[in-house]
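The values are calculated or read from the model by the stated rules, or taken from the named source; none is laboratory data. Keep in mind the model is a prediction, meaning the values are calculated, not measured. For neighbour counting, all protein chains shown are included, and Cβ atoms are generated from backbone atoms with ideal geometry for every residue, glycine included.
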Amino acid sequence: MKRWLVAGMMAITTLLLGGCATSTIRSDVTAFHEWPDTLPDKSYVFERTKDQNDSLEYRSYEDLVRAELNRLGFTEAPASTTPALKAALSYSITGRDVREVYPVVVNPYWYGPAWRGYYGPFYDPFYDPFWYGPPVVEQRVSQYQLFTRQLKIILARMADGKKLYETTVVSEGTNRSLAAIMPYMVRSAFVDFPGKSGVPRRIELEVAKQQK
C-alpha cells in the first residue's frame, strides 16, 4: 500500500512539473473553401464596417491577419489599384459562470493515531495512512468564469463577392483578455491553409506564459 501511495505522489508531482513547463492555447478551427488550384493575383484589401474603421482594437487584430496573409504570399493592394480579393474579419467574446463538484481524497489520520504520539503540524513518515482503513472522499466545489472567444475570417473575390475561404476559430478558457488570446487564434486560422474544406480540427499552440 505504501508503494502505491509513493507511486501516486510521484505521478502527481511529475504532472504538476510538466504543466508548469509549457502551456497551450487550444482552438477548434473549421474552414469551408472553394479555393482555386491557381490564383495568379493574390492582392487584397480589408473590407471594414464603419464601427471597425473607427476601432483601434479591430485595427490591432487586422494587423495580425495581415501578417499571416503576407506570410502566405498575399499582398495588400495600394489604394490606387483594384485588388483581386477582399478580406473581412469579425470577433466576439462571451463569458459564463461554471460550477464544478469533484471528489477529493482526504487522509483522516494526517497527524497519526493517538497511541503513536502527537506530531503537531508535522507529518509522521512512519505512518501508513491506509493502516486503519481507506481514505475519506469529500466533495469540493470549484466556481469560475469560462470565456468563449470566436474569430471569423472571410476571403472573397472582389469582382463578384464570391466567397473563396471562410474559417471560424473558437477557443475556450479562463482568460478574459481577448487581446492576449487573439494572436494564437489568428495563427490557428491559417494553419495548413487552405486545408480540407469542412473538416473540424483542434489546433494547439504553445505559449510562453499561462494565457489559457
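A few points about this structure:
- V170 fulfils the conditions (1) farther than 26 Å from R48 by Cα; (2) of a type in the set (A, V, I, L, M); (3) surrounded by 15 or more Cβ atoms within 10 Å (Cβ to Cβ) except for a single criterion, (1).
- The residue that is modelled with the highest pLDDT, counting only those in region 79-118 that are closer than 30 Å to Q139 by Cα and among the basic types (K, R), is R96.
- Residue in region 176-199 that is surrounded by the most Cβ atoms within 10 Å (Cβ to Cβ), counting only those that are farther than 15 Å from L151 by Cβ and not small (G, A, S): P194
- Top-ranked residue in region 24-53 [being surrounded by 12 or more Cβ atoms within 10 Å (Cβ to Cβ) and either without any contact (Cβ under 8 Å) to a residue 40 or more places away in the chain or among the basic types (K, R) (or both); ranked as farthest from L151 (Cα to Cα)]: K42
- Residue ID - nearest to the chain's Cα centre (by Cα), chosen from residues in region 69-92 that are surrounded by fewer than 17 Cβ atoms within 10 Å (Cβ to Cβ) and within 26 Å of A180 (Cβ to Cβ): S92
- Selection within region 24-49 - among the β-branched types (V, I, T) and assigned to a loop (DSSP other than H, G, I, E, B): T38, T49
- The set of residues from region 142-200 being closer than 20 Å to R26 by Cα, assigned to a strand (DSSP E or B) and among the aliphatic types (A, V, I, L, M) comprises L146, L151, I153, V169, V170.
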